[in-house]
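S.K.: So that we are looking at the same thing, I have put the structure below in C-alpha cells.
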C-alpha cells in the first residue's frame, strides 16, 4: 500500500547544498572538455557509414545483448526474447512506454489513473508497482531504492522518441542481474548521436487536451565524439468528468470527480561517448492528479502524486583482442516522491503529507573471456550502496490557534547495501548443442545471503530451428517500504521479511521460415515461494506485509512474426495461462486466462506512407472483491508518413476505435473494485529534423 505523495512545486535547481546544480554541471563540463579535445585533433578519421535501420530490420536473425550481457543471436540466447524497434514505435503511434508493452506477447497492462502496472505469465497483482520486473536503460538499473518500482507509464524516465530498441528477456534473470529480475528484464536501448540528423523537434496533440513537445540534438563527429541532448515536456488534462459509483452520494458530488485527472512530465536527457568511455545523465519529473480518492482521502479533493528521479552513469567498455571484454560502470541515482492530501482519518483542518527521499550508488565490473574456443565465460562483481532511504509522514494543522504546526507520524531514516558476485559459462558442446550455466550470490544487510542459478540447454538441429530447455531461480528482496513503513492508523512495519523466490521451467521452440517469418512456442511453469502480501493482524487490526503465499502458474505462448522488405510486417500472438494461489486454493486476481494480439503494418506508398492496425483481446479477470472485470477487444489504427517532405514525419492515430467501455482491477488502497479506462481517443504528431 503505497501512500501517494503530493507534488510539491520545488525548483529543481534550488535543492539543498546545490547537489543538482553539480549533477548537471558535471556532464556540461565533460562535454566542453571532450568537444574541445576533439575539435583540436589535427587528424580526423573517416568513419564508415552507419548501418541503416532498414538493414537491421531485415537481417534474418536479429541479435540481443541483455540475455547474457553480451551480443548474441536471439536463437542463442538462454531465454525467450522479444525486440521492439524505433521503427515500430513510430508506425504504431505509441505515446508512452505502457502502450508499447501492452502490444507484447504475454504482457498485460492495467491502469488505476495513477500508475500503470505490468503483468506477465498470469501474475499481475494490482498495485504491486512492477517490483518483479527489472527495468534497465542502456543497462542501467532504474528500479528505485525504496519501492523497487519499475516506472512504465508517463513516469517512465526517458522520452520514447529517444528509444532505439527494446529488448524483453522473459524468465528469471537473477543469476546475472540480482533482485527484481523475477519475471522479466526489460532493457531500453536509447538512440545515439549517429541516429540523429542534427537538431530534431517534435510536437504532438490529442484528445483530453493532451500536448507534448520535444527538442533533441545528436551528432557523431569524425573524431569519434558522439553526443545526444534532449528535452521534453508533456501535459494532459485527462478526463474532465469521471463517475465512481462507490462514491455516489450527495456529499461526494454524486460520485463525480471533476478536473482531477491531469498528467504532466518534463524530461532532460544527455549522452556522451568517446572511444571506450560513455557518460549519461537523465532527469525526469512527473506529476499526476489522482481522481480515485485512494487511501481514505476525501473524494473530489485535489490529490496528486509526484515522482522525481535522475541518474548520472559513467561506463567504460573495452574489447581487448578478439576474445576479451572488460566492462566497468559506476552511477549515482536519486528518487523523490511526495504528496499533500486531506484524509478521512483526520479532521478537515488537518492536511497530511508524505515524503520519500532516496539516493544510492551502483557499481559493477564485468569480464568476458573465451577459453579453449568452447567456453565463453562471464565473471562479475556488483554492488549497491543506498545512502538514503527516508520515509516520512506528517500532519499540518491548517486552522486554529497554532496554524502550520507539524505532527510527525513517521520519520524513518535508513541506509543499506548489497554485494554480489556472479559467473556464467556458455559452453559450445557441439555445433548443434550449447549449454548455458550461471550462478550469482547476493548478500544483503537486511536478510543475508541468497544464491540463484540458471541453466539452459540450446539445441539447433537445423540452421533455423531452435529448441531451448531452461531452468532458473530468481528472487525479489523485501523493499524498504514493505520492511519499515507504518502510518499509525492502518499499516505497521515488519523488518523480518524474507525475499520472494521463483523457480521457472521453460521449453521454447523457435522456427525461422525463409528470410522473413519467425514462429515461437513457449511452455512455462512457475513456482513462487514466500510471496510478500499485505494481511490484517487480528491482534491490533493493522495491515502488515508478510511472507504468506505460494503461487503456481503454467501456460503456453504462441507467436508468429513477419517482416518483408516491401515494408509489410506484422505479428500475432496468443497466450493461455493459469495461475493459482496454492495457499488459498483460489485463482490469482487480475490474471487473464487468455491474451490475444494482432499487429500489422501495411505500406500504402513504398517507404513513405504506412497504415498500422492493432487488435488486442483480454479475457475476464478476477478482482480483489471476488468479482470479475469483463473481457474486451480494443482496436487501434494509425497512419504514418516520412520521406514525403524531406525530413518531416507525420503520424495520426485513433485508439480504442470502437469506443469500448472496459475496466481494470485495482489494488486494495482503493474503495473501487475496478477503474474504467479511456474511451476513443486520437492524436497527431509531427517530427522534423533540421
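The values are calculated or read from the model by the stated rules, or taken from the named source; none is laboratory data. Since this is a predicted model, take the numbers as computed values, not measurements. As a convention, Cβ positions derive from the backbone with ideal geometry for all residues, glycine included, and neighbour counts pool all protein chains shown.
S.K.: Test residue 60 against the criterion of being at pLDDT 95 or above, surrounded by fewer than 22 Cβ atoms within 10 Å (Cβ to Cβ) and out of contact with any strand residue (DSSP E or B) (no Cβ under 6 Å at 6 or more places or on another chain), and give yes or no.
M.R.: For residue 60, the condition - at pLDDT 95 or above, surrounded by fewer than 22 Cβ atoms within 10 Å (Cβ to Cβ) and out of contact with any strand residue (DSSP E or B) (no Cβ under 6 Å at 6 or more places or on another chain) - is not met.
S.K.: If I ask for residues that are touching a helix residue (DSSP H, G or I) at 6+ places or on another chain (Cβ under 8 Å) and either at pLDDT below 95 or under 22 Å from residue 77 (Cα atoms) (or both), which ones from the stretch 379-398 would you list?
M.R.: Listed by number, the list holds a single entry, 380.
S.K.: Pick out the one residue from 155, 138 that is farther than 26 Å from residue 553 by Cα, touching a residue at least 60 places away in the same chain (Cβ under 8 Å) and surrounded by 24 or more Cβ atoms within 10 Å (Cβ to Cβ).
M.R.: Working: 138 fails: surrounded by 24 or more Cβ atoms within 10 Å (Cβ to Cβ).
Residue meeting the stated conditions: 155.
S.K.: Could you please find all residues in the stretch 563-595 being touching a residue at least 24 places away in the same chain (Cβ under 8 Å), assigned to a strand (DSSP E or B) and within 19 Å of residue 106 (Cβ to Cβ)?
M.R.: 570, 571, 572, 573, 575, 577, 578, 579, 580, 587, 594, 595
S.K.: Oh, and also: Are any residues in the stretch 285-298 assigned to a strand (DSSP E or B) and either surrounded by fewer than 24 Cβ atoms within 10 Å (Cβ to Cβ) or free of Cβ contacts under 8 Å to residues at least 12 places away in the same chain (or both), and if so, which ones? Show your work before the answer.
M.R.: Narrowing the stretch 285-298 to residues assigned to a strand (DSSP E or B): 285-289, 297.
Hits for the stretch 285-298 are 285, 286, 287, 289, 297.
S.K.: Same structure, new question: Name the strands (runs of 3 or more DSSP E) wholly within the stretch 599-675 that hold at least 2 residues that are touching a strand residue (DSSP E or B) at 6+ places or on another chain (Cβ under 6 Å) and surrounded by fewer than 21 Cβ atoms within 10 Å (Cβ to Cβ)?
M.R.: 609-618, 632-641, 648-655
S.K.: Could you pull out the residue among 308, 301 that is closer than 28 Å to residue 112 by Cβ, buried (at least 20 other Cβ atoms within 10 Å of the Cβ) and in contact with a strand residue (DSSP E or B) (Cβ under 8 Å, 6 or more places away or on another chain)? Steps first, please.
M.R.: Working: 301 fails: buried (at least 20 other Cβ atoms within 10 Å of the Cβ).
The unique qualifying residue is 308.
S.K.: While we're looking at this one, here's another question. Of all residues in the stretch 152-175, count the ones that are over 14 Å from residue 185 (Cα atoms) and either modelled with pLDDT under 95 or outside any strand (DSSP E or B) (or both).
M.R.: Count: 10.
S.K.: Here are the criteria: (1) surrounded by 15 or more Cβ atoms within 10 Å (Cβ to Cβ); (2) more than 27 Å from residue 434 (Cβ to Cβ). Tell me which single one residue 475 does not satisfy.
M.R.: Tallying (1) surrounded by 15 or more Cβ atoms within 10 Å (Cβ to Cβ); (2) more than 27 Å from residue 434 (Cβ to Cβ), residue 475 fails exactly one: (2).
S.K.: A follow-up question, please. Somewhere in the stretch 485-503, is a residue surrounded by 21 or more Cβ atoms within 10 Å (Cβ to Cβ), out of contact with any helix residue (DSSP H, G or I) (no Cβ under 6 Å at 6 or more places or on another chain), assigned to a strand (DSSP E or B) and at pLDDT 95 or above?
M.R.: Yes, the stretch 485-503 contains a residue that is surrounded by 21 or more Cβ atoms within 10 Å (Cβ to Cβ), out of contact with any helix residue (DSSP H, G or I) (no Cβ under 6 Å at 6 or more places or on another chain), assigned to a strand (DSSP E or B) and at pLDDT 95 or above.
S.K.: Also, I was wondering about something else. Only strands (runs of 3 or more DSSP E) wholly contained in the stretch 399-454 count here; list those with 3 or more residues that are out of contact with any helix residue (DSSP H, G or I) (no Cβ under 8 Å at 6 or more places or on another chain), on the phi < 0 side of the Ramachandran plot and modelled with pLDDT of 95 or more.
M.R.: Details: elements: 406-412, 416-428, 433-444.
In the stretch 399-454, the matching strands (runs of 3 or more DSSP E) lie at 416-428, 433-444.
S.K.: Same structure, new question: Being within 25 Å of residue 67 (Cα to Cα), part of a strand (DSSP E or B), free of Cβ contacts under 8 Å to residues at least 60 places away in the same chain and more than 23 Å from the chain's Cα centre (by Cα), is that true of even one residue in the stretch 379-388?
M.R.: Yes, there is a match, as at least one residue in the stretch 379-388 is within 25 Å of residue 67 (Cα to Cα), part of a strand (DSSP E or B), free of Cβ contacts under 8 Å to residues at least 60 places away in the same chain and more than 23 Å from the chain's Cα centre (by Cα).
S.K.: While we're looking at this one, here's another question. Restricting attention to the stretch 346-361, which residues are surrounded by fewer than 19 Cβ atoms within 10 Å (Cβ to Cβ) and either modelled with pLDDT under 90 or not in a strand (DSSP E or B) (or both)?
M.R.: 346, 347, 348, 349, 350, 351
S.K.: Going by the structure shown, is residue 315 touching a strand residue (DSSP E or B) at 6+ places or on another chain (Cβ under 8 Å) and surrounded by 21 or more Cβ atoms within 10 Å (Cβ to Cβ)?
M.R.: Considered against the rule, which asks whether it is touching a strand residue (DSSP E or B) at 6+ places or on another chain (Cβ under 8 Å) and surrounded by 21 or more Cβ atoms within 10 Å (Cβ to Cβ), residue 315 comes out as no.
S.K.: Also: For the stretch 259-271: of the residues being surrounded by fewer than 21 Cβ atoms within 10 Å (Cβ to Cβ) and at pLDDT 95 or above, which is farthest from residue 189 (Cα to Cα)?
M.R.: Going through the stretch 259-271, the residues surrounded by fewer than 21 Cβ atoms within 10 Å (Cβ to Cβ) turn out to be 259, 262, 264, 266, 268.
This time we only want the ones that are at pLDDT 95 or above, so: 262, 264, 266, 268.
Values: 262: 29, 264: 24, 266: 20, 268: 16 Å.
Ranking the candidates gives 262 first.
S.K.: Right, here's the next one. Looking at the structure I just gave you, is residue 224 more than 12 Å from the chain's Cα centre (by Cα), in contact (Cβ under 8 Å) with a residue 24 or more places away in the chain, part of a loop (DSSP other than H, G, I, E, B) and closer than 27 Å to residue 667 by Cα?
M.R.: Details: more than 12 Å from the chain's Cα centre (by Cα): yes; in contact (Cβ under 8 Å) with a residue 24 or more places away in the chain: yes; part of a loop (DSSP other than H, G, I, E, B): yes; closer than 27 Å to residue 667 by Cα: no.
No.
S.K.: Residue 83 fails exactly one of the following numbered conditions: (1) under 25 Å from residue 467 (Cα atoms); (2) surrounded by fewer than 20 Cβ atoms within 10 Å (Cβ to Cβ); (3) modelled with pLDDT under 95. What is the number of that condition?
M.R.: Result: residue 83 passes all but (3).
S.K.: Also, I was wondering about something else. Scanning the stretch 505-561 for residues that are free of Cβ contacts under 8 Å to residues at least 60 places away in the same chain and not in a strand (DSSP E or B), which turns out surrounded by the most Cβ atoms within 10 Å (Cβ to Cβ)?
M.R.: 542
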